[in-house]
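Contents: one structure, followed by commentary.
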Amino acid sequence: MGDVTVLAVTGLNREAGIVAGPGVITLASGGDIASLGRRIEAALTPDIDAIVSIGIAGALEPSLKVGDAVIAARISLPHQGKGVLLCHEAWSARLADALPQAHRGVIVGSSRMVVDAAGKAELYRQTDALCVDMESHIVAEVAAAHGLPFAALRFISDGADRALPKAAQAGMKPDGGMDILAVLRSLAADPRQLPALIRTGREAEAAFTALATARARLGPALGFST
């Protein structure tokens with residue numbers, strides 16, 4: 001078994017910084033879903049052996065708690081009706097061995113933020129997915145197009161009953177950084193968001209901590225091997 005290199009696609013630079021390490025090249029989408037596929041294609045050098053979608057996600061299954069890990073068995077593609085893409089079975093099994101408390105099931109990708117409990121409940125009804133993020137569907141499609149092994153590992157940052165305040169929604173820059181000024185402008189326009197914003201930040205920190213703990217357990221190339 002030789003050295004391998006995995007392309008890890010995240011939403012935020014914060015996630016990319018946590019995931020980076022031996023055998024891992026990172027790419028943060030910054031919520032720019034329209035160009036994400038092209039950016040992944042550009043990053044696919046001959047050295048890339050596999051692709052993973054990794055980072056935080058919103059829960060759809062009501063029993064999931066902040067910080068819980070979800071390993072995808074398949075990715076639901078709502079923009080293709082009821083289309084799904086399977087994840088690499090052996091790699092997903094190695095992730096589960098390293099993270100025995102993780103939940104396994106469907107992850108759904110969405111090209112827009114799912115920001116409230118009603119939207120999460122409807123998506124859960126449609127897909128039976130455990131959680132939702134904004135990258136996995138795009139990453140899975142590019143991996144399939146290139147015949148590359150694909151896995152998805154996500155950590156819950158907001159429960160199925162949570163709504164994201166507008167200030168939090170405004171905070172993602174296209175480069176994957178945080179737009180603090182946009183958050184402050186939104187907060188100034190509606191100060192009543194402050195308690196929800198503080199709660200959202202605290203829960204996101206718990207998800208980042210869970211991601212960092214898992215990263216240490218997974219080792220080089222995030223557990224992928226040929």
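Bear in mind that the values in this text are calculations on the coordinates, not laboratory data. Quick caveat, the model's predicted, so the values are computed rather than measured. Methodologically, a virtual Cβ is constructed for each residue, glycine included, from the backbone with ideal geometry; neighbour enumeration extends over all protein chains shown.
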query = Residue separation times 0.36 nm, minus the C-alpha to C-alpha distance between Ala196 and Ala170: what's the value?
reply = 8.0 nm
Rg ratio (alpha-carbon, reference 2.2 N^0.38 Å) - the chain = 0.96
key: Ser225, Ser63 arranged by Cβ crowding within 10 Å, fewest neighbours leading   = Ser63, Ser225
key: Two-decimal log10 I(q)/I(0) for the stretch 95-183, as the Debye equation yields it once each C-alpha is a single scatterer, q = 0.13, 0.17, 0.18 Å⁻¹   = -0.54, -0.89, -0.98
query = So for the pair Ala216, Thr45, with labels modelled 7 Å out along Cα→Cβ, what separation do we get in nm?
reply = 3.0 nm
inquiry  = Quick check: the distance between the Cα centres of the stretch 105-140 and the stretch 165-218, to the nearest angstrom?
reply    = 19 Å
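Using the number of other C-beta atoms within 10 angstrom as an exposure proxy, rank Val19, Val84 with the fewest first.
Values: Val19 25, Val84 17.
Sorted ascending by nearby Cβ count, the order is Val84, Val19.
Let me know the charge dipole size of the stretch 133-209 about its Cα centre in debye, to the nearest 20, where only the beta-carbon of Lys, Arg (+1) and Asp, Glu (-1) is charged. Don't skip to the answer; put the middle values down first.
Values: 8 positive and 10 negative charges, 62 e Å.
Once rounded to the nearest 20, the dipole reads 300 debye.
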note = Counted neighbours (other Cβ, 10 Å), sorted fewest up, put Ile198, Ile138, Ile48, Ile54 in the order Ile198, Ile48, Ile138, Ile54
